[in-house]
There are 2 protein chains.
Amino acid sequence: MATLKDVAALAGVSVKTVSNVVNGYAFVKPENRRRVEEALSATGYRPNLGARNLRRGRTGFVALVLPELVVPYFAELAGLVLGAAQEHEWNVLIEQTLGTREGERDTLASLGPHMIDGAIVSPEALQARDFGELAPGIPVVMLGEHSVDLPIDHVGIDNVEAARVAVAHLVGLGRTRIAAIGAHPHRGTAAQRLEGYRLALAEAGLPVRDELVATALNYHRRDGAEAMARLLTAAEPPDAVFCFNDLLAVGAVRAAAERGVRVPSDLAVVGFDNTEEGAYSLPSLTTVAPDKAAIARAAVDLLRRRVDDPERAPEHVRTPFSLEVRESTRGGA
Amino acid sequence: MATLKDVAALAGVSVKTVSNVVNGYAFVKPENRRRVEEALSATGYRPNLGARNLRRGRTGFVALVLPELVVPYFAELAGLVLGAAQEHEWNVLIEQTLGTREGERDTLASLGPHMIDGAIVSPEALQARDFGELAPGIPVVMLGEHSVDLPIDHVGIDNVEAARVAVAHLVGLGRTRIAAIGAHPHRGTAAQRLEGYRLALAEAGLPVRDELVATALNYHRRDGAEAMARLLTAAEPPDAVFCFNDLLAVGAVRAAAERGVRVPSDLAVVGFDNTEEGAYSLPSLTTVAPDKAAIARAAVDLLRRRVDDPERAPEHVRTPFSLEVRESTRGGA
DNA sequence: CGGCCGCTTTACAACGTTGTATCAACGATG
DNA sequence: CATCGTTGATACAACGTTGTAAAGCGGCCG
């Protein structure tokens, strides 16, 4: 592998002159520039980024820390972050937390100080809170959960309002026994969506029944199916359900179908995340659609600004969302 | 950020002694070891991986190059590769090709020689062929496509046989007008699955009808739906369809449903990849199930061995698969 | 007692790059 | 003609780490 030294020797100039050419320094004699460029392509020189970074103190890597890639929302988001990062000439290192905090702590602690310029973190459960101490000094942008008390940049939608809109839509269909799937003891977003759920019910003068609020410890299809199965055994089963993500909704739809409950006529279903899967499922899912591209872009932009100026005040960017109304709440009753 | 020098100063020993302690060198006087360890934790020392790697010539990074993370198969695979890589103390850098080769070439060419120890590549279209020249000298393991002529390590299932089994299953249900969705001019796997399809038909004494073989330029849900819509306009529409991945199958199922064609009674559907989505869709998808965990493990293992010994002969690892029979081919006419 | 060996530590160089200081050549200015 | 500023090139040091060679210090053996 050719180094600056090799190129310099071939071109008959000093190492620094080659470096200058490579970095576009203006004052190089045309003659020398030509010779260097020739030597560069002759040797197929590629700068050693490791060495360059060591010298410059930047690495060109950012970490994207998220729970699981198998969750389509995160996969879609990761894809968009990859794209956005590319425009900043950043390479993305993906770390899966899988819910466990220890492994996470280790990787980030060892990787943290030197190998990454910053991190975009989609926190699960408690992680948001103690992230500051976990990665001291690393520029971090947080996704999803909005913890105003933390002095950390943050991007996300208004979860309370989004949930309220979703449930209000169900109310507008005339449903009265509206269930929720996705309550979670430690997840900030879960608390916020539950809050929006309660708000919408209150606005409609409907009671909040505890037996209609189902907990989901993970947000996978299986959990949605199990929760729905439980809800359907109630004396008075729900006529609508708001699921805190699309996977839960997919599971819920299946559990309903397996028990002969028809969607949307017997049960209207709303999901969250607007994954492509939900748009193609049978029936297609009405869902809260966060602008994922905007989230990815905002996160990377925010991280860029934080890296450039570590002292700036933390910013909270609120990205837009919309409600995609599809078959799972259309027609029927 | 503390460096070896800082720690050495604090402990009153040389930089190298600290380095020795950090790296577990045996011959350090207990007294010194203790002092160094104290200084280490007092300063919260973290080795600068960039510097270490520059010195050692290894980076601890591997690239995972794949078409798109939004395709669930790749998301699931990526998750598994991340896990497998962790056991080798590798960090994974994910690159999306999005089908375009230029961007791909650039990233890998610049990243290639110095920042990654190797790459696991899931090639799309032509990429397999010219990958050797694209990333000269980088240890590479190829996924999916089996090009025996390339002197490159490779992991994958027997696509011809898998497709044959899938279509044979449809034949076994008594279907006679069996369509295929996913033919592609440049994709190696597409050619192989088509081959298996033809084989199974031939074995059953069924003709291969060109009008029943649908091309799909991408393997997204939309493409499956469009292809199915075309197939259903035929004079004699198919009574079964073998889709080259689950996304195509999901799209096909939806297109069928929108036209009142029932699955599986009117149309039996088989997918490929065994994504979770297919297991929960309505109806759930019969699908070819490659052992994804085995693929991920084999790929990382193979890469490890290649990195350790660049001269070894390329190996082709064939991972197992099975056919998951579900609702989309169960019961019905 | 001299030489050798094993343990322990250290100085030094090197990985490949870039910032800084320096120097030389040159034309312009007073 | 002396001085200055601009242009162009270079040597050197440094980023933080580790491999190498070597040296100091015992003790053991001949």
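The values are calculated or read from the model by the stated rules, or taken from the named source; none is laboratory data. Everything quoted here is computed from the prediction, not taken from an experiment. Positions of Cβ are backbone-derived with ideal geometry, glycine not excepted, and every protein chain shown enters the neighbour counts. To get the accessible areas, we keep the full protein, side chains included, count just its heavy atoms, and leave off ligands, DNA and RNA. Shrake-Rupley method; radii C 1.70, N 1.55, O 1.52, S 1.80 Å.
Data overview
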quantity: Close pairs from the range A:18-31: first within 18 Å of A:Thr3 (Cβ to Cβ), partner more than 8 Å from DNA strand C (Cβ to nearest atom), Cβ under 6 Å, at least 6 apart; calculated: A:Val18/A:Ala8; A:Val18/A:Val36; A:Asn20/A:Val28; A:Val21/A:Val28; A:Val21/A:Arg33; A:Val21/A:Val36
quantity: Selection within the range A:52-102 - among the hydrophobic types (A, V, I, L, M, F, W, C) and within 7 Å of another protein chain (Cβ to nearest Cβ); calculated: A:Leu54, A:Leu69, A:Val70, A:Ala75, A:Ala78, A:Leu82, A:Val92, A:Leu93, A:Ile94
quantity: Unmet requirement for A:Ala298, which otherwise passes all of (1) over 23 Å from B:Pro72 (Cβ atoms); (2) without any contact (Cβ under 8 Å) to a residue 60 or more places away in the chain; calculated: (2)
quantity: When residues of the range B:293-318 are limited to those that are buried (at least 19 other Cβ atoms within 10 Å of the Cβ) and touching an Asp or Glu at 6+ places or on another chain (Cβ under 7 Å), the one nearest to B:Ile138 (Cα to Cα); calculated: B:Arg306
quantity: The one condition in (1) more than 14 Å from every other protein chain (Cβ to nearest Cβ); (2) modelled with pLDDT of 65 or more that A:Ala128 fails to fulfil; calculated: (2)
quantity: Matching residues, the range B:266-278, being open to solvent by 30 Å² or more (accessible area, probe 1.4 Å) and under 23 Å from the mean Cα position of the chain (by Cα); calculated: B:Asn274, B:Glu276
quantity: Flag if B:Asn48 is within 42 Å of the chain's Cα centre (by Cα), within 21 Å of A:Gly57 (Cα to Cα) and near DNA strand D (Cβ under 10 Å from one of its atoms); calculated: yes
quantity: Helices (runs of 4 or more DSSP H) contained in the range B:1-117 and holding at least 2 residues within 12 Å of DNA strand C (Cβ to nearest atom), modelled with pLDDT of 90 or more and open to solvent by less than 50 Å² (accessible area, probe 1.4 Å); calculated: B:4-11, B:15-22, B:30-43
quantity: Residues of the range A:170-206 satisfying the condition of being assigned to a strand (DSSP E or B) and either touching a Gly at 6+ places or on another chain (Cβ under 9 Å) or open to solvent by 40 Å² or more (accessible area, probe 1.4 Å) (or both); calculated: A:Ile181, A:Gly182
quantity: Any chance B:Leu217 is in the same structural domain as B:Ala183 (by TED's automatic domain parsing) and buried (at least 22 other Cβ atoms within 10 Å of the Cβ); calculated: no
quantity: B:Phe27 vs. criteria facing another protein chain (nearest Cβ under 8 Å) and hydrophobic (A, V, I, L, M, F, W, C); calculated: no
quantity: For A:Phe244: the one exception among (1) over 22 Å from the mean Cα position of the chain (by Cα); (2) within 20 Å of A:Ala162 (Cβ to Cβ); calculated: (1)
quantity: In the range A:235-254, the residues that are closer than 15 Å to A:Leu212 by Cβ and open to solvent by less than 30 Å² (accessible area, probe 1.4 Å); calculated: A:Pro238, A:Ala240, A:Val241, A:Phe242, A:Cys243, A:Phe244, A:Leu248, A:Ala252
